[in-house]
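Notes follow the structure.
The values are calculated or read from the model by the stated rules, or taken from the named source; none is laboratory data. For clarity, every value in this text was computed on a predicted model and none was experimentally measured. Every residue, glycine among them, receives a Cβ derived from its backbone with ideal geometry; neighbour counts consider all protein chains shown. Ligands, DNA and RNA are stripped out before the accessible areas are found, and what is left, the full protein with its side chains, is counted by its heavy atoms. Shrake-Rupley method; radii C 1.70, N 1.55, O 1.52, S 1.80 Å.
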Amino acid sequence: MRVKRIKLRVNGEERQFEAEVGLTLLEALRDKLGLISVKLGCGTGGCGACTVILNGMPVNSCITLAAEVDGAEVTTVEGLMMNGELHPLQQAFVENDALQCGFCTPGMLMAAKALLDERPNPSMEEIKEALSGNLCRCGCYPRIIRAVLQASREITLKGER
Amino acid sequence: MKLPPFDYHEPRSLDELLLFLKQHGDCSKILAGGTNVIAQMKSRRVVPRYLINIKNINELCGITLRGSSLHIGPLTTIREIERSSIIKRSCPLLSHAACEVGSPTIRNRATIGGNLCNASPYANLPPALQALDAKLRITGLEGNRLVSISEFYVGRRRTVLKPTELLSEIIIPANSRDNISHAFIKLPARSYKDLASAIVAVVVEKKYNICSSARISVGAVWHFPQRAGKAEDYLRGKPLDYDVTSRAAEIASDELSYTTDIRASAEYRREVVRVLVDRALKQVSRGVGFACEENKTQG
């Protein structure tokens with residue numbers, strides 16, 4: 001086949017579109033569904049800028065075909081806000097100055113979200129490992145890690161996700 | 001970065017896949033985790049006419065212990081291998097090798113079958129599987145055969161797989177844990193993972209620190225993993241003391257072949273293999289067990 005009708009549950013919403021089989025999940029999310037938080041960095045799965053949560057696991061959307069994940073559940077940064085409020089991770093990134101150019105930030109947020117979903121109280125080493133596939137050219141790693149730590153404490157205190 | 005045009009196929013069974021490969025195998029590529037093939041298609045290194053998504057074939061999934069051997073389906077993700085308690089119990093060397101592959105996002109999609117068949121000289125799992133004496137089942141329409149890791153690789157990025165065949169199973173002899181130790185060292189040991197410049201995977205059977213048998217596999221320094229057979233012979237029956245392990249490392253370093261590439265020269269690899277084999281054998285002698293977390297924090 002060359003074209004496929006694809007259904008995805010994106011940020012809690014059922015979405016559908018038709019796409020060439022060669023369309024990556026990254027391209028589908030950005031160009032078909034307007035979710036431009038997802039970024040194209042290296043395009044080969046090495047930098048993590050394209051990280052999204054697919055069926056509960058963080059993956060590089062640039063090397064995933066939309067066609068092969070038909071029926072899947074996807075979360076992007078657009079799905080982090082709740083009731084108009086920033087997610088504790090987003091808030092912590094802002095408060096800790098954890099971004100400069102901001103290009104790696106969506107990928108960092110999704111990798112961090114996936115980590116906290118699985119491990120609500122990670123150690124610094126566990127955060128570093130979880131984010132080891134996300135590169136930041138501006139060098140904000142220490143503040144990013146601090147932000148994730150802060151968010152994890154906040155989430156635990158408030159008992160929310 | 002658009003992919004070149006291709007025809008997409010999603011077989012639902014092994015038979016359907018093999019029939020398709022019989023007709024179109026020579027212009028097809030298998031899509032498992034996609035962490036290698038999609039990137040290769042983007043750079044036009046491979047331009048298949050057909051891309052075959054095999055993830056719907058259930059027979060290719062699963063990790064089962066059957067008698068004295070462990071059977072792993074090729075679609076098992078690196079993540080599943082990393083977290084499998086069966087694998088941690090019967091061959092922890094494989095868990096260790098898995099946890100150092102790429103990044104978490106890559107491990108969530110990449111498969112053991114893909115890691116083997118992509119035949120990158122720098123892959124983590126092949127040297128670990130070679131040290132574990134793994135057998136690979138190769139299946140085609142006519143039947144199947146078993147090959148060792150050494151038999152599977154026949155050149156740089158070349159395996160014995162014919163275009164009409166599939167790697168359908170990985171079989172590892174399951175060990176009784178008491179007297180078996182392992183070590184896995186990958187260079188570089190950074191917190192973000194680059195491809196390896198050298199990999200040493202060691203499985204040693206010993207009692208009271210006297211080695212009864214050893215398997216030393218070295219990866220990422222040549223086109224495919226190599227066994228340090230002479231070093232293994234030397235170690236047999238000897239106590240794993242300081243001098244013996246140092247000498248074994250020298251023998252291993254001398255007997256292997258090395259390439260020069262963008263990451264390291266052959267001369268550097270020769271010396272670093274000596275250092276890493278020495279370190280691995282001394283770790284085994286000290287009884288340092290599953291040191292995955294330990295290695296990760298070195299970065």
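Taking every pair of alpha-carbon atoms in region B:95-136, give the share separated by more than 11 Å as a whole percent.
That fraction is 65 percent.
What do you get for the angle between helix B:242-255 and the principal long axis of chain B? Use alpha-carbon atoms, 0 to 90 degrees, nearest ten.
Around 40 degrees separate the two axes.
Any idea how far apart B:Tyr242 and B:Ser212 come out in nm if each label point goes 7 Å out from Cα toward Cβ?
2.9 nm
Before rounding to the nearest 500, sum -39500 (n - 2.57) across all DSSP H runs of length at least 4 in the protein assembly as shown and divide by the residue total; then give [θ] at 222 nm in deg cm²/dmol.
-9500 deg cm²/dmol
Top mean-square fluctuation among A:Pro58, A:Pro142, A:Pro88, Gaussian network model of chain A, C-alpha springs under 10 Å?
Looking only at A:Pro58, A:Pro142, A:Pro88, the largest GNM fluctuation is found for A:Pro142.
Binned at 10 Å from 0, what are the whole-percent values of the Cα-Cα distance distribution for region B:16-114, short to long?
15, 40, 30, 14, 1
If you take the accessible area of B alone, add that of A alone, and subtract the area of the pair, what total do you get in Å², probe 1.4 Å, to the nearest 100?
2600 Å²
At a 1.4 Å probe, what is the % contribution of carbon and sulfur to the accessible area of chain B?
Within chain B, the accessible surface is 50 percent carbon and sulfur.
Using the Kirkwood radius over Cα pairs, work out the Stokes-Einstein diffusion coefficient for chain A at 25 °C and 0.890 mPa s, in µm²/s as a whole number.
Values: Rh = 15.9 Å.
This corresponds to a translational diffusion coefficient of 154 µm²/s.
Counting Lys +1, Arg +1, Asp -1, Glu -1, what net charge surrounds A:Phe103 among other residues with beta carbon under 13 Å of its beta carbon?
Residues near A:Phe103 contribute +2 overall.
Please build a GNM for chain B, connecting alpha carbons under 10 Å apart, and tell me which residue among B:Ala248, B:Ala220, B:Ala39 fluctuates the most.
Fluctuation is largest for B:Ala39.
How about region A:40-55: which of its residues lose at least 40 Å² of accessible area in the presence of all protein chains relative to their chain isolated, using a 1.4 Å probe?
A:Thr44
Could I have the simple spin-label model distance between A:Leu86 and B:Val275, label points 7 Å from Cα toward Cβ, reported in nm to one decimal?
4.4 nm
Measuring with a 1.4 Å probe in the full set of protein chains, what accessible area per residue, in whole Å², belongs to chain B? Could the numbers behind the result be given before it?
Working: 12340 Å² over 299 residues.
I get 41 Å² per residue for chain B.
Can you tell me the accessible area per residue over region A:7-128, all protein chains present, probe 1.4 angstrom, in square angstrom?
41 Å²
Give me Rg/Rg_expected for region A:1-90, where Rg uses Cα atoms only and Rg_expected = 2.2 N^0.38 Å with N residues.
Cα-based Rg divided by the globular estimate yields 1.05.
Working out 0.36 nm times the residue gap between B:Ala189 and B:Asn58, then minus their Cα-Cα distance, what length gain in nm do you get to one decimal?
Separation in residues times 0.36 nm, less the Cα-Cα distance, equals 43.6 nm.
By how many nm would the segment from A:Cys42 to A:Asp117 lengthen if fully extended, with 0.36 nm per residue of separation less the alpha-carbon distance?
Extra length from A:Cys42 to A:Asp117 when fully extended: 24.4 nm.
Over the alpha carbons of the protein assembly as shown, what is the largest minus smallest coordinate on each principal axis, giving the biggest first in Å?
In descending order, the Cα extents are 69, 55, 43 Å.
Tell me, what is the FRET efficiency for B:Ser257 and A:Cys101 to the nearest 0.05, using R0 = 45 angstrom and their Cβ-Cβ distance as r?
0.50
Around A:Asp70, what is the net charge, scoring Lys/Arg as +1 and Asp/Glu as -1 over all other residues with Cβ under 10 Å from its Cβ?
That works out to +1.
For region A:14-46 and region B:87-133, write down the distance between their C-alpha centroids in whole Å.
Region A:14-46 and region B:87-133 have Cα centres separated by 29 Å.
Quick one: Karplus J couplings for region B:152-164, per residue in order, coefficients 6.51, -1.76, 1.60, θ = phi - 60°, nearest Hz, x for Gly and Pro?
5, 9, 10, x, 5, 6, 10, 10, 7, 4, 7, x, 8
Kindly state, to the nearest 0.05, the FRET efficiency for B:Ser265 paired with B:Lys230, given R0 = 22 Å and r defined as their beta-carbon distance. Show your work: numbers first, answer last.
On the way: r = 23 Å, r/R0 = 1.05.
FRET efficiency, B:Ser265 to B:Lys230: 0.45.
Given points 7 Å out from each Cα along the Cα-Cβ axis, report the B:Glu151 to A:Met1 separation in nanometres with one decimal.
3.9 nm
If you build a Gaussian network model of chain B, linking Cα atoms that sit under 10 Å apart, which residue out of B:Arg66, B:Arg79, B:Arg109 swings the most?
Evaluated over chain B, the most mobile residue of the options is B:Arg66.
Quick one: Cα centre-to-centre distance for region B:1-58 and region A:98-155, in angstrom?
Here the two parts' Cα centres lie 34 Å apart.
List, by residue number, every residue in region B:88-133 with a reduction of 50 Å² or greater in accessible area between the chain on its own and the complete protein assembly, 1.4 Å probe.
B:Pro104, B:Thr105, B:Asn108, B:Arg109
State the extension gain, in nm to one decimal, for the chain segment bounded by B:Lys162 and B:His223, taking 0.36 nm per residue of separation less the distance between their alpha-carbons.
Extra length from B:Lys162 to B:His223 when fully extended: 20.1 nm.
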